[in-house]
Amino acid sequence: MSELLAKIAECIEFGKINKAAPYPPQMKGQDGADEFTAKAIEEGVNAQDILTEGLMVGMQKVGVKFRENKVFVPQVLMSAKAMSTAMLHLKPFFASGAVKQKGTFIIGTVEGDLHDIGKNLVSMMVEGNGYKVVDLGTDVKAEQYIAALKENDNAIVGLSALLTTTMVNMEKITKAIKEELPGAIVTIGGAPVTEDFCEKIGADSYAADPQGLVEYLDSKVA
Amino acid sequence: MGKIIDQIKAGKTLVSDGAWGTFLQKKGMEPGECPEEWNITRADDVFDIAKSYIDAGADMIETNSFGGTIYKVEKYGLADKVFELNKAAAEISRKAAGDKYVLGSVGPTGKILMMGEVSEEDLYDAFKVQVQGLEAGGADAIMIETMTDLDEARLAIKAAKENTSCEVFCTMTFDKTVDGEFRSMMGIAPTDMVNTLIDAGAELIGANCGNGIEDMIGIVEEIRKANPDIPVLVHANAGMPVYDDGQTVFPETPDEMAVLVPKIVAAGANIIGGCCGTTPGHICKVREAVDGK
């Protein structure tokens, strides 16, 4: 059993989606996350273990390698694709409550900004680390974040921006959220965003990379 | 006037323009507005930007068309206006440029090929309409820029080569990794890009945006190690943006930029200009530095 979980983790780490996938070249022709996850369920491996000891282990490794610039966006995207393919097999177990997610993360690119590559990347990595993700899309206004926070108890919210001109909207949105929901936790990220900016606008946390955000979320739900 | 490439081959160092996006914002463009729509609705303001760089001494100016593919303008309901917006962009810069050159700006689509969001044909066709619009408006060269993915860059170059008679240039954007190496967001090193872009048909390559002109020196050195002959252009940011009292500012001053110009020329750059945060003031100083004043 643990060997199968190790295989699943490996497929996620290296972005091996399924047997037919040509990527990565060194795993060509081998089973992927899709096949190994199906097999694990067939063999009666606990679905929660598949998630936490297989899929999430792989995702964590990618997150760390991405932070260390050992891999770049393409590898992370392939890992995320492998993850989402494997997750399809776990869907019934999420629905039945047999598999529990760690918490809920709400994410959106802020008002005025239509860029979504970074936001999608973070969204996939947070999901791959065992969270339910509510993706509000791009050009998201303060009211939309607030409404989503009200709908999802104890959720943490993440604001994304790519442009120097739209990151300033993070301040307005953070203030609006805090005013309406004083206990809300607001995290921010994006190319021009810095720790210093985070402090100045009164957000709770800045992460320079998705792994940093995951570690922050883990510290909050633990 | 001849080709830009011929001037470089004749040994000239040329000066390009500075920022457009951050300049448009100073002129009152709000986040959420389509910059390319200004080519129609605020043509006078766009002309002012183009003209200010010519007045600052630039040998060439870009066009307000960075986000001019269908994948960007469709978000503003302008999907059927791609050709028109790009043509207008080039016409404005053409009018301002006089006997100087016009580089038709082409930025990334924001779509990721490897995720299957779009096909190679889709991207090629998107770039094709844009570059045809830019040529129709009077662009001398197509300036494909801020690329991070080699395949997207290659398709844009191909579309420009096969559908216009403009000179075709391409620059990519690199950041420094924790180990101090230069890589694009998609993991491409400056040396990785050289042969692919040249094979696709680029007559000039280089780097734009990034973290300021200092890093550009290292990037140019890497390109030069891989290819001693290809003309190289840099459009450098005025440093990394810092947040100050409700707005972001780019910290590098014109003098700070100009002082590094001799170094970047020594590294092998042939055309020097600015990207985000640079102003006509920066270009004026770059001009002086290039002229050895």
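Only the coordinates and a few stated rules stand behind these numbers; no lab work does. It should be emphasised that the depicted structure is a prediction, and the values quoted were computed from it without experimental measurement. When we count neighbours, we look across all protein chains shown, and the Cβ atoms used for this are built from the backbone with ideal geometry, even at glycine.
Some values worked out for this structure:
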item	result
Nearest-20 debye value, the protein assembly as shown charge dipole, Cβ charges on Lys, Arg, Asp, Glu	320
Sequence-separation-based contact order of chain B, relative, with Cα cut under 8 Å and 6+ spacing, percent	19
Cα-based helix-to-principal-axis angle, A:2-14 vs chain A, degrees rounded to 10	50
Gyration tensor (alpha-carbon) shape descriptor, the protein assembly as shown, a/c threshold 1.5	prolate
Proximal charge balance of residue A:33 [Cβ under 12 Å; K/R count +1, D/E count -1]	0
Cβ-Cβ FRET estimate between residue A:43 and residue B:151, R0 fixed at 41 Å, reported to 0.05	0.55
Between 0 and 90°, nearest 10: helix A:142-151 axis offset from chain A longest Cα axis	50
Computed magnitude of the charge dipole of the stretch A:2-96 (debye, nearest 20; Cβ of K, R +1, Cβ of D, E -1)	440
Reachable lysines, given that their alpha-carbon falls under 17 Å from the alpha-carbon of residue B:158 and they are not under 8 places away in the same chain	B:128
Inter-probe distance in nm under a simple model that places probes 7 Å from Cα toward Cβ, at residue A:178 and residue A:6	4.8
Rh by Kirkwood over Cα pairs, then Stokes-Einstein D for the stretch B:94-218 at 0.890 mPa s and 25 °C, µm²/s	164
Partner chain coverage, peptide A:159-172 - average Cβ within 10 angstrom	4
Filtered trypsin sites (Lys or Arg not before Pro), the stretch B:71-110: DSSP coil and at most 10 other beta carbons within 10 Å	none
Spin-label model distance (nm) - residue B:41 vs residue B:226, 7 Å beyond Cα toward Cβ	4.0
For the stretch B:272-278, Karplus couplings with θ = phi - 60° (6.51, -1.76, 1.60), whole Hz, Gly/Pro x	10, x, x, 10, 2, x, 7
Exposure rule at most 16 other beta-carbon atoms within 10 Å, DSSP loop GluC sites (Glu not before Pro): chain A longest free segment	A:69-222
Cα→Cβ-extended label distance, 7 Å offset, between residue B:79 and residue B:245, nm	4.5
Mean-position separation - Cα centroids, the stretch A:1-57 and the stretch B:190-216, in angstrom	38
Range in chain A, longest, excluding exposed trypsin sites (Lys or Arg not before Pro) [loop by DSSP; at most 16 other beta-carbon atoms within 10 Å]	A:101-222
Shielding score for B:29-37, defined as the mean number of other chain Cβ atoms within 10 Å	3
5 angstrom amide H check on residue A:188, placed H, neighbours 5+ away	A:159, A:205, A:206, A:207
For the protein assembly as shown, with +1 on Lys and Arg beta carbons and -1 on Asp and Glu, the positive-most of A:55, B:39, A:117 along the dipole	A:55
Long-range Cα-Cα pairs in the stretch B:157-255 (distance over 19 Å), rounded percent	48
Chain B, dipole about Cα centre (Lys/Arg Cβ +1, Asp/Glu Cβ -1), debye to the nearest 20	620
Percent of C-alpha pairs per 5 Å bin, the stretch A:74-141, short to long	4, 16, 23, 23, 17, 10, 5, 1
